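Worksheet: the structure to be examined is printed underneath.
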C-alpha cells in the first residue's frame, strides 16, 4: 500500500522575556522552515482573548511564583499554533537556547517526568489546547459534580485552565504540589480565578491516578488491509476505515462497473465514510480480471498528538512537553484485485447399465489467474523488479482438502521458464449444505530480481494434490496472467493514475515514542514554562467561555 501522511516539519521557537510577576513565561510560535522568522510580541486575536489578560501566578511547594504570558507569533501567522508546558520545575531556562524534539527515552531530566509519562500524556491530551475550551470545561464541571464540589465560578477561563494544567504537570514531573494561587489583577475580570485554577489542578491530579494513557488520541487515518482480493461478482473485503478527523472520502476513480458497497452489497457514499466503517468492492460478475488502487483522504485529521518532548540541542535547559495537536489532511491507499469468474466446471455423467438413469459425475476443476505488481496493483514493475502477486480463482475443488499451488513466471518472448517460482499449500473451505466441492481464491507471490528489465512475464499456475495435477492454467497469451518489468504489457491500457498523496509514513504517537522526531527543526526558548508553537489547530478555540 502506498502510504501518505503529513509532511515532516521543522519546529522553530523564538523567545520573549517579559515582566509579569516573579517569573514570566514566554510565548512563541512554530514556523515552517520556508517561512521561519523572528517572534514578535504584537498581540493577536488568539493571544488577546486567551492569554492577553493578566496571568494567574502559581507557586508549587518549595518553589517560587510563576505565571503565564500572552502568546507571540512568527510571521504574523495567528492560525497555526501549538502550546507547550514545562516539565522541569527546578531547571533554569537558557534564554534563546536551541531546542529539539526527542523521544521520551532520551529525556535528560533527573526528575520524575519519565516515570510518569502515561500520566503526563493524559494531562496534555486532555488540556485546553488539545480538546478545546468547551470540552475541557464540560469535563471539569462533570468531575466537580461527581465529587460533590461547587462548580466553576465563571465558566472556565483560559488562564485558569493553563495555570491549573501547568501545576498538575509539575506535581507529576517534580513530585510536588500546588501551594498557592495568586489572584490576577482587576483587568482579568475572572471572578473566582484562584478557586477555579485549583479546581483544574485537582481535576488532573485526581484523574491521572486511574486514567493514565500511553498513546493519546488516534492519529492520521488508515484503510486496512493494504491488499484485498477475490473473484468478480463477489464482495471483496472488508476494508476498515479509521480516521481521527472529519469523514473520509474516496479520491480516486473506480473502474467502470466497479462499486464501493457495504456488507449487504448496497452502494455507499464514497464522500461520507466514517471512522470504523467497513467497505467492500464489487466488480461485475462478467468482468475480466482487474485491479483498482483506492485512495482515501480525511480532512482535518489529528496528524500529531500532544505529548512531544523538547530539550536543549547543545546545552541543558528547561524541558517542555507539547500540549496541543497538529491537524491537517491525512491519506491512505489500499489495493483491490479480482479475477475473472471461471467457466462452470464440465460435469461428465458416469456411465450406467442400460435402462438406468445416469449417475451424477464429478466436476472438473478449473482455475483463472490475475497477475499484477503488488506495490501498486498495475501491470508494470519497476525496471529493478519487485513482487508479482498472482490471484488464482479456482472452481470445483474438493471441500476441506489440502492442495498445493505451484507457479512459474515464463518469458513471453521465448516461452521458456525464468526460474522465478512460487509455491504454497492451502486448504479449501468447507462446503455449504450437502455440497462436496467449492470455489475460492488463493494468492501466490513471485519475487522478481533486477536482472529482468525489459521482459514481459506470464504466470503459469498448477494445483496438485498428493503430487497429482488437479488443475492448471498455462496460457502464454493471457493478458490477465501477464506483467512487464519496466515495460508496459501489450493490450493493456494504463489506468488513469490516481492522485498520489504526499510521500512518507504517518506519524503515530505511541507509548515511549511520543517524542518521535518530526524534523531537524530547532527551537529557541526564553525563560519560563508555557510556550506556544505553531501547528494546524483551526478547531481549538482558546478564548474565554462560559460567561
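Any read-out appearing in this document is the output of simple, stated calculations on the displayed coordinates, not a laboratory observation. Keep in mind the model is a prediction, meaning the values are calculated, not measured. Note that we place each Cβ from the backbone using ideal geometry, even for glycine, and neighbour counts take in every protein chain shown.
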Counting other C-beta atoms within 10 Å, which of 104, 143, 170, 122 has the fewest, and how do the rest follow?
143, 104, 122, 170
In whole angstrom, how long is each semi-axis of the equivalent ellipsoid of the stretch 358-422, when you take the square root of 5 times every eigenvalue of its Cα gyration tensor and sort them from largest down?
31, 14, 11
If you take the Cα atoms of the stretch 211-327, find Rg, then find the Kirkwood Rh from the mean of 1/r over all pairs, what is Rg/Rh?
1.18
Least to most buried among 116, 437, 126 (fewest other Cβ within 10 Å first):
437, 116, 126
Overall Cα dimensions of the stretch 104-159, principal axis frame, Å, largest first
40, 23, 16
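Where Rh denotes the Kirkwood radius from the mean inverse Cα pair distance, what is Rg over Rh for the stretch 428-496? Numbers along the way, then the final one.
On the way: Rg = 16.6 Å, Rh = 15.2 Å.
Over the Cα atoms of the stretch 428-496, Rg/Rh equals 1.09.
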Protection proxy ranking, peptides 385-396, 265-276, average beta carbon neighbours within 10 Å, highest first
385-396, 265-276
Each label sits 7 Å from Cα toward the beta-carbon; between residue 259 and residue 226 the label points are separated, in nm, by 3.1
How do 425-433, 367-375, 314-322 rank on mean C-beta neighbours within 10 Å, highest first?
367-375, 314-322, 425-433
Final fewest-first order of 83, 410 on the 10 Å Cβ neighbour count is 410, 83
Packing-wise, with mean Cβ within 10 Å as the measure, how do 227-238, 194-205 rank, highest first?
194-205, 227-238
